[in-house]
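Student: Structure incoming, see below.
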Amino acid sequence: MQDQEKIITATNLTNCDKEPIHIIGHIQPHGALVVIDMKSYAVVNYSENLSSFLQTDNLSSFHSLSDLFPDDFIIQLKKELEANIILSTYTFEKGRENFLLIPHLSDDKVIIDVEKQEDKLPSFTFQQQLNNILSQIEKTTSLKETSQIATQLIKNIFGYNRVMLYRFDKDWNGEVIAETKDENLETWLGLRYPASDIPKPAREIFLKQGVRIISDVYYKPSPILSLDNSNLQPPINLTNSELRGVSPIHIEYLKNMKVNASLTTSIIVNGKLWGLITCHHYKAKTVDYFQRQSCKFLTQVFANQINLLDTKKYVSSSKQLETLRKKLMLQMQSVSKFKEALLNYQPNLKDFIDCGGVALVRKNKINVLGGTPLKKEIEILIREHLAKQKKSIYFTESLSSHFASAEAYTKTASGILAISLDANFKDFIIWFRPEIITTIEWGGNPEKNGYVKDGVTYLHPRKSFEKWSEKVAGSSKVWENSEIEAAAKLQENINTVLVKKQKEKIKLLNNKLKRVNKELETFSYSVSHDLRAPLRGIDGYARILKEHLNLEDDDYSTHALETIISSSKKMDVLIDDILSYSKIGRQDIRRIPVDLNAVVFEIINSSNLKINYPQTQIKAEKNLPKVFADSRMVTQVCANLITNAIKYSQNQKEPFVEIGYKEESKAYFVKDNGIGIDEKYIDKIFNVFTRLASADYEGSGIGLAIVKKSIDLHEGKIWVETKLNEGTTFFFNFGNA
Ligand code: ADP
């Protein structure tokens, strides 16, 4: 008892979920325990009751296993340990008793549980019983029926006073969903027990071990002693020992319930603890190891049946949802307006998922069907809650506990299931579920009472298990997995339809743009072409007039004729530029390796430049890398940029132009120390007919447009760094090809 008290005082309310029940330090006395070292096979620990349990007096001087158990067992154990396989049980007779040895691993030790064994049921009778049970369970069609049969069968076989099937909810509270009991006992069916009744460490052991027996809550604990009395070793981990002592808190709990003995098995579905089958007896009671194994096995059979029924329910609900989803899809494909397709036909979004109402929120417009919060409230719900979650699917059964403003509309929307329709979490479909006010019958007030000593609150389990009703509001029916998955699939479908519609729209616009561009190019080409002939005429006749008329004394007429000639020359250049601009769009690019050194050399050595700009110093890097691009366009780009650089730096004191390649930016550059470009207009310079410089600098405003178009066709890049009155550098490349 001293030990138990120690543990009680070490456990307070805040750490009750951490109670170290696996190293409790004692066992229940319906068995005895021996611990050996896995390497030396030497006995290191034993339970105090070992000698009395084995009915041997001279146990004071044992050292090895052979002092305790038959040699055959030791040979079997060694073999299995070496082969690293599951350790088998071993039965032997001593006096008039049958003993059972149950070895198992615990860290670097082997624990051997020693239990007494009742007479075995003849295997034929056992098999018959089993067949009978299996066929009864297989016939059940609902969870209620399976659970009921499970408790009945277990009560019949093992003879406890009460057998309950206990199901955990998502917060680990348990509910008794089936019960078979002696007639004189009051029913606990439908009662709930708070999660703290079976705290986390106990749940973890249940998941691992599967079966737990408490033979007598008034048992005298048998402490685990060490052979050398040193007590220096770390405590023995008893997780897998079915003799493990019981948490004092749990003992007190059972005593408060007036229960003397219990047997509990775990219902494990898909690797998770789904529930428990708990047997209570109002006198001390034990069942032997093999019976407990049978109980564990039967519970697993129930678990499989529960899983099967769950899967069947899931499959049938999924099928139904799938049919509705396909119909909605068809509507989306055949009705052009998305909103109408989802709301105006049968089935609509509200028919799709079982709900009170639904909202479709798209492009700042809210459309609703059925019972929903006000549109204003939906808008706030999205802005202040859903958008912040940043989840493509969000669901809850009690919205107001996550978002306080939702308290105003718990009646219509205690539960929501929302799918987002855009990356910015502004567009949503939200299904709303109304509040269901439920009364929960707790087995006693779930608030455990504690007492405070030295500033620490110590845990005491509940004393009363009288029905304690609690009204639960603000919650809706649970969203089933099949519904959440169906909503996710619908979301995928909607996104595909929306993207497809958007693509079609863009394609249509693109085609229109291409057509207009083509028309414009054709138009400018033919206009420029058609203007050429009359321009030649004007230029030719002006020259004839100038030669044939003697106008030496007539300055006015001479000036007029010269203006006609120079204007038609300018016009000719302009037509040339427009023609080459419109030609670019009409031809495909033909990439070949182009030697830029040769291209630049030709441009800067053309007689035209040398004559017109004799002051300008031009420096071209020697080893410009080759470019894989359309040779004519490369020449056009370089010519335009170099002539611009020379043109716009001609009036500087020492005009200077440099052509080179910048490795870090993977770009060629043309740099000058000319007039620079006002930052404000940088965006504009690549447009046709944009001229920023004064009339002192000749030009048509088309050069850079040609450059940009050529580079765009190559999927290359062009950018500019410039400072007014200091100079300009154009960087460019022709893409990665
Ligand atoms: P333009 O025939 O007028 O030179 P561009 O299309 O080649 O036409 O250039 C558009 C405008 O960009 C020019 O009018 C000029 O204002 C500006 N610009 C282009 N290159 C330079 C440069 N290297 N230095 C300063 N301004 C420039």
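The values are calculated or read from the model by the stated rules, or taken from the named source; none is laboratory data. Since we're looking at a predicted model, the values are computed, not measured. Counting neighbours? That spans all protein chains shown, and the Cβs are built from the backbone with ideal geometry, glycine included. Areas reflect the complete protein model, heavy atoms only, side chains present, ligands, DNA and RNA absent. Shrake-Rupley method; radii C 1.70, N 1.55, O 1.52, S 1.80 Å.
Student: Does Ser400 satisfy being hydroxyl-bearing (Ser, Thr, Tyr), in contact (Cβ under 8 Å) with a residue 60 or more places away in the chain and open to solvent by less than 20 Å² (accessible area, probe 1.4 Å)?
Tutor: Working: hydroxyl-bearing (Ser, Thr, Tyr): yes; in contact (Cβ under 8 Å) with a residue 60 or more places away in the chain: yes; open to solvent by less than 20 Å² (accessible area, probe 1.4 Å): no.
When the stated conditions are applied, Ser400 does not pass them.
Student: I need the full set of residues from the range 355-369 which are outside any strand (DSSP E or B) and crowded, with 16+ Cβ neighbours inside 10 Å, in order please.
Tutor: First, the residues of the range 355-369 that are outside any strand (DSSP E or B): 355-356, 363-364.
Hits for the range 355-369 are Cys355, Gly356.
Student: Evaluate the following for Lys570: is it among the basic types (Lys, Arg), within 16 Å of the ligand (Cβ to nearest atom) and open to solvent by 100 Å² or more (accessible area, probe 1.4 Å)? Break it down stepwise before answering.
Tutor: Details: among the basic types (Lys, Arg): yes; within 16 Å of the ligand (Cβ to nearest atom): yes; open to solvent by 100 Å² or more (accessible area, probe 1.4 Å): yes.
Answer is yes for this residue.
Student: For Ser528, indicate whether it is in a helix (DSSP H, G or I), under 30 Å from Ser336 (Cα atoms) and out of contact with any Pro (no Cβ under 7 Å at 6 or more places or on another chain).
Tutor: Values: in a helix (DSSP H, G or I): yes; under 30 Å from Ser336 (Cα atoms): no; out of contact with any Pro (no Cβ under 7 Å at 6 or more places or on another chain): yes.
So Ser528 does not fit the description; no.
Student: Also, I was wondering about something else. State which residue is farthest from Lys583 (Cα to Cα) when the search covers only the range 697-716 and only residues that are of a type in the set (A, V, I, L, M) and near the ligand (Cβ under 8 Å from one of its atoms).
Tutor: Just the residues of the range 697-716 that are of a type in the set (A, V, I, L, M), to begin with: 702, 704-707, 711, 713.
Add one more test, that the residue is near the ligand (Cβ under 8 Å from one of its atoms), and what stays is 702, 704-707.
Values: Ile702: 13, Leu704: 15, Ala705: 12, Ile706: 10, Val707: 13 Å.
Ranking the candidates gives Leu704 first.
Student: Filter the range 726-737 for residues that are touching a helix residue (DSSP H, G or I) at 6+ places or on another chain (Cβ under 7 Å) and more than 8 Å from the ligand (Cβ to nearest atom); which is nearest to Met633 (Cα to Cα)?
Tutor: Phe734
Student: If you don't mind, there's one more thing I want to ask. Go over the candidates Leu386, Leu374 one by one and state the one that is buried (at least 19 other Cβ atoms within 10 Å of the Cβ) and without any contact (Cβ under 8 Å) to a residue 60 or more places away in the chain. Before the answer, list the steps.
Tutor: On the way: Leu374 fails: buried (at least 19 other Cβ atoms within 10 Å of the Cβ).
Just one listed residue meets the conditions, Leu386.
Student: Scan the range 603-658 residue by residue and report those that are within 24 Å of Leu692 (Cα to Cα), open to solvent by less than 50 Å² (accessible area, probe 1.4 Å) and charged (D, E, K, R).
Tutor: Once the filter is applied, which keeps residues that are within 24 Å of Leu692 (Cα to Cα), open to solvent by less than 50 Å² (accessible area, probe 1.4 Å) and charged (D, E, K, R), the range 603-658 yields Lys647, Glu658.
Student: Applying the selection to the range 428-445, what residues are outside any loop (DSSP other than H, G, I, E, B) and not basic (Lys, Arg)?
Tutor: Applying the first criterion (outside any loop (DSSP other than H, G, I, E, B)) to the range 428-445 yields 428-433, 438-443.
Residues satisfying the conditions are Phe428, Ile429, Ile430, Trp431, Phe432, Thr438, Thr439, Ile440, Glu441, Trp442, Gly443.
Student: In the range 664-678, what residues are of a type in the set (A, V, I, L, M) and either surrounded by fewer than 18 Cβ atoms within 10 Å (Cβ to Cβ) or more than 12 Å from the ligand (Cβ to nearest atom) (or both)?
Tutor: Just the residues of the range 664-678 that are of a type in the set (A, V, I, L, M), to begin with: 667, 670, 675, 677.
Listed by number, the list holds a single entry, Ala667.
Student: So, in the range 641-672, how many residues would count as being among the acidic types (Asp, Glu) and without any contact (Cβ under 8 Å) to a residue 24 or more places away in the chain?
Tutor: Of all residues in the range 641-672, those among the acidic types (Asp, Glu) come to 654, 658, 663-664, 672.
Right, trim to without any contact (Cβ under 8 Å) to a residue 24 or more places away in the chain and you get 663-664.
Residues that pass the stated criteria total 2.
Student: How many residues does the range 576-635 hold that are within 57 Å of the chain's Cα centre (by Cα), at pLDDT 90 or above and among the β-branched types (Val, Ile, Thr)?
Tutor: Result for the range 576-635: 7.
Student: Open to solvent by 50 Å² or more (accessible area, probe 1.4 Å) and among the β-branched types (Val, Ile, Thr): is that true of Thr278 in this structure? Give the steps one after another, and end with the answer.
Tutor: On the way: open to solvent by 50 Å² or more (accessible area, probe 1.4 Å): no; among the β-branched types (Val, Ile, Thr): yes.
Against the criterion (open to solvent by 50 Å² or more (accessible area, probe 1.4 Å) and among the β-branched types (Val, Ile, Thr)), Thr278 does not qualify.
Student: Cβ contacts < 9 Å: first residue of a type outside the set (A, V, I, L, M, F, W, C), restricted to the range 185-200; second residue open to solvent by 30 Å² or more (accessible area, probe 1.4 Å) and in a strand (DSSP E or B), any location; separation 6+ or different chain. Result?
Tutor: Thr187/Lys181; Gly190/Glu175; Gly190/Ile177; Gly190/Glu441; Arg192/Glu175; Arg192/Glu441; Arg192/Glu470; Tyr193/Glu175
Student: Only residues in the range 326-351 that are over 23 Å from Thr372 (Cα atoms) count as the first member; pair them with residues that are open to solvent by 20 Å² or more (accessible area, probe 1.4 Å) and polar (S, T, N, Q), Cβ under 6 angstrom, at least 6 apart or cross-chain, and list the lot.
Tutor: Listed pairs, sorted by first residue: Met329/Asn493.
Student: Follow-up. Considering only the range 281-288, I want to know if a residue exists there that is at pLDDT 95 or above, out of contact with any His (no Cβ under 7 Å at 6 or more places or on another chain), closer than 26 Å to Leu54 by Cα and surrounded by 22 or more Cβ atoms within 10 Å (Cβ to Cβ).
Tutor: Looking through the range 281-288, none of the residues is at pLDDT 95 or above, out of contact with any His (no Cβ under 7 Å at 6 or more places or on another chain), closer than 26 Å to Leu54 by Cα and surrounded by 22 or more Cβ atoms within 10 Å (Cβ to Cβ).
Student: What pairs come out if I take residues in the range 679-704 that are under 19 Å from Asp572 (Cα atoms) and free of Cβ contacts under 8 Å to residues at least 24 places away in the same chain and pair them with residues that are of a type in the set (D, E, K, R) and near the ligand (Cβ under 9 Å from one of its atoms) whose C-beta lies under 7 Å away, six or more apart or interchain?
Tutor: Taking only residues 6 or more apart or on different chains, the pairs are Thr690/Lys684; Gly701/Arg691.
Student: Tell me, which strands (runs of 3 or more DSSP E) lie completely within the range 575-650 with 1 or more residues that are within 14 Å of the ligand (Cβ to nearest atom)?
Tutor: On the way: elements: 591-594, 617-620, 627-630.
Here the list reads 617-620.
Student: Identify all residues within the range 212-238 that are within 45 Å of the chain's Cα centre (by Cα), part of a loop (DSSP other than H, G, I, E, B) and either surrounded by 21 or more Cβ atoms within 10 Å (Cβ to Cβ) or at pLDDT below 85 (or both); write none if there are none. Quick ask: steps written out before the conclusion?
Tutor: Here is the first cut: in the range 212-238, the ones within 45 Å of the chain's Cα centre (by Cα) are 212-214, 233-238.
Subset that is part of a loop (DSSP other than H, G, I, E, B): 233-238.
Matches in the range 212-238: Gln233, Pro234, Pro235, Ile236, Leu238.
Student: Can you name the residue in the range 127-150 that is in contact (Cβ under 8 Å) with a residue 60 or more places away in the chain and of a type in the set (Gly, Ala, Ser) and is also nearest to Ser294 (Cα to Cα) among such residues?
Tutor: Ala150
Student: Which one of these does Lys723 not meet: (1) open to solvent by 50 Å² or more (accessible area, probe 1.4 Å); (2) modelled with pLDDT under 90; (3) in contact with a helix residue (DSSP H, G or I) (Cβ under 9 Å, 6 or more places away or on another chain)?
Tutor: (2)
Student: Right, something else. Out of Tyr681, Tyr661, I need the residue that is within 9 Å of the ligand (Cβ to nearest atom) and surrounded by fewer than 21 Cβ atoms within 10 Å (Cβ to Cβ). Which one?
Tutor: Details: Tyr661 fails: within 9 Å of the ligand (Cβ to nearest atom).
Testing whether each residue is within 9 Å of the ligand (Cβ to nearest atom) and surrounded by fewer than 21 Cβ atoms within 10 Å (Cβ to Cβ) leaves just Tyr681.
Student: Report yes if some residue within the range 162-179 is in contact with an Asp or Glu (Cβ under 8 Å, 6 or more places away or on another chain), surrounded by 14 or more Cβ atoms within 10 Å (Cβ to Cβ) and without any contact (Cβ under 8 Å) to a residue 60 or more places away in the chain; otherwise report no.
Tutor: Yes, because at least one residue in the range 162-179 is in contact with an Asp or Glu (Cβ under 8 Å, 6 or more places away or on another chain), surrounded by 14 or more Cβ atoms within 10 Å (Cβ to Cβ) and without any contact (Cβ under 8 Å) to a residue 60 or more places away in the chain.
Student: Which ones in the range 485-502 are in contact with a strand residue (DSSP E or B) (Cβ under 8 Å, 6 or more places away or on another chain) and surrounded by fewer than 16 Cβ atoms within 10 Å (Cβ to Cβ)?
Tutor: Within the range 485-502, just Ala488 meets the criteria.
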